[in-house]
Amino acid sequence: MSTALRLALLILLVAVATRASSGAPVTAAGKALVVQNFYYALPGKADEVYLWRVHASEVRARLGLAVGRVLRRTPASGNDAKDAELPDVVWECEYPSLEARAADLARLDASREFDSVEAHMRTLIRRFRRAVFTVSPG
């Protein structure tokens, strides 16, 4: 996905999120963002998805980017059907502003190493989702 398309999608998501929370349009400029990537593993691949996301964070560190944090789902409910609806792994990162997130995406787009990380992840997952949130002050 191109940087321009990613940025346009990010701006749209932030605008929708801020409008929904406040009832009025609000610019995202200068507001902190939290991005969450949700990874739904193919059957039997949850461990590998987790380890590969940790590796992706190591690559981000080598590129001088925020590492974020990797969360692994634990079967809390004991209900396999409900647990299957949840992501197996979540990567979460906070950015100080929309501009910082855009710079992050530009750096990732320029990285051949991260392209290969994403390509391998696609072989491990059945579904991917992303959510972007603005952080309320205080």
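None of the figures in this text is laboratory data; all of them are computed from the coordinates on show. The shown structure was predicted, so the numbers you read here are calculated from the model rather than taken from an experiment.
Below are the figures for this structure:
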{"quantity": "Overall form of the stretch 36-138 per C-alpha gyration tensor (a/c, 1.5; a/b vs b/c)", "calculated": "oblate"}
{"quantity": "VAL67 long-range amide H proximity, modeled H, under 5 Å", "calculated": "none"}
{"quantity": "Gained length - VAL34 relative to ALA100, 0.36 nm times residue gap less alpha-carbon distance", "calculated": "22.6 nm"}
